[in-house]
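Written out below as structure tokens is the structure these notes cover.
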Amino acid sequence: MSSPSPALSDPGPGARQLARGITATWWYTVTAILFIELMLVGAWTGIAVARDFSGVSLLVVGVGGIVWTASTLPLLIDYRHRVDAGPGVAWPRLLVAVVVALAYGGVAGAMIGSWQLAAMPVVQVFVLLSWPRGVRVRVVVVATVILVALALVDSAMAFAAGIPWWVPVIYGAMLPGIIVSSLWWWDVLVTLDRARASEARLAATQERLRVATDVHDLQGHHLQVIALQLELAERLLPTDPQAGMEQLRAARASVDDARQGTRDLATRFRSVPLGDELANARDLLAAAGLTVEARIHPDADAAPAADLGPVIRETTTNVLRHGRGGHARLILDRTADAWRYEVANDADPAAEDGAGGSGLEGVRRRIGEAGGTFEQRRDADEFVVTVTVPARAEIVR
């Protein structure tokens, strides 16, 4: 038995993830907003220190600004959940944020003599709320007007000496818009993510409907033919037993055709990646109490699932039926021009190599049709099935 490739991995149960969501984008949005707030606190702290070298302003404006920034984080977290549940206001958290904003703005604004700083924390709290679409625009407009007006008031005071009047005006005009733009971008991503999920569910529903229609048409046709053949056989048997038996044989052939047609239909519509097929086999054997060793190639999903998928299902069933229930080993490896799948289990010494019955013969036939090789053998106390299929089979089929 050849040793597995070093590139093989042993993924644990549940390790195969199919979706990751947009959590990283959300935390990027939160970080950007908090960074803007901290930049504002730093700017105000610099102005306060320039006017007061006692250190009290640094404590009040700087440290108080950090506390105020932290108080807005619960509002941002609530905003994410309110996007899922619809517009709304979490009043207890809002009350805490408003109290902190009022305290910080009032004390810091009075200390350095700025009306704009006094209003900015409270305005920021209301900008962060999840307002309905029409209300949000009005809130942004009102917040912008308030900050610009207070900037003009500050420009006429001694506080603004040496600072061009347009600097606080631009700051007041841009702050609400920047914050709301970040939140709007998050809303757009959530909407797109919901649309993607809805499209995937719709596609799955349409596919199931198409499968159901095909199954109905296939089974309906064969069942009608079988019913007619049996009815004809019932009429012919009393008078012409030979002709009646011919109709019974024809009905049996129609049953086989219906069964094969259903199997072919299920195979055609089956779309489980081979990596997931192997993970399901591993989990099924583990749930049955076996100790399972699984070494799966990282590119397992690129293997020809149409050929190897039925092999994995049949050999897993064979292990459950004819193994001793102790351990099993699943290996999927890739060579230069082929895929190699091996399944081994502890076998009953009294069982014969052909204990798998017709199932393994069906696997042998299927793999032969795909241009691959099939081998079953007994190694010590193990029963081993090894299958190889050409790598090009994925493209040809």
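Just so you know, all these numbers are worked out from the coordinates, no wet-lab data involved. Bear in mind the structure is a predicted one, so any value in this text is a computation, not a measurement. Positions of Cβ are backbone-derived with ideal geometry, glycine not excepted, and every protein chain shown enters the neighbour counts.
Observations on the structure shown:
- By the count of other C-beta atoms within 10 Å, a proxy for reagent exposure, Ile112, Ile146, Ile33 are ordered fewest to most as Ile146, Ile112, Ile33.
- FRET efficiency estimate (nearest 0.05) - Cβ-Cβ, Val49 to Leu152, R0 35 angstrom: 0.90
- For the stretch 318-346 and the stretch 44-75, distance of Cα centres in Å: 66 Å
- Pairwise label distance in nanometres, Asp264 with Val145, each label 7 Å out on the Cα-Cβ vector: 7.4 nm
- Order of Asp214, Asp346 - criterion: other Cβ atoms within 10 Å of each residue's Cβ, fewest first: Asp214, Asp346
- Exposure proxy ranking, count of Cβ atoms within 10 Å, fewest first, for Ile226, Ile179: Ile226, Ile179
- Length released on extending from Ala103 to Glu382, taking residue separation times 0.36 nm less the Cα-Cα span: 92.9 nm
- The stretch 274-396 - percent relative contact order, Cα under 8 Å, separation 6 or more: 25 percent
- Inter-probe distance in nm under a simple model that places probes 7 Å from Cα toward Cβ, at Ile66 and Arg210: 5.9 nm
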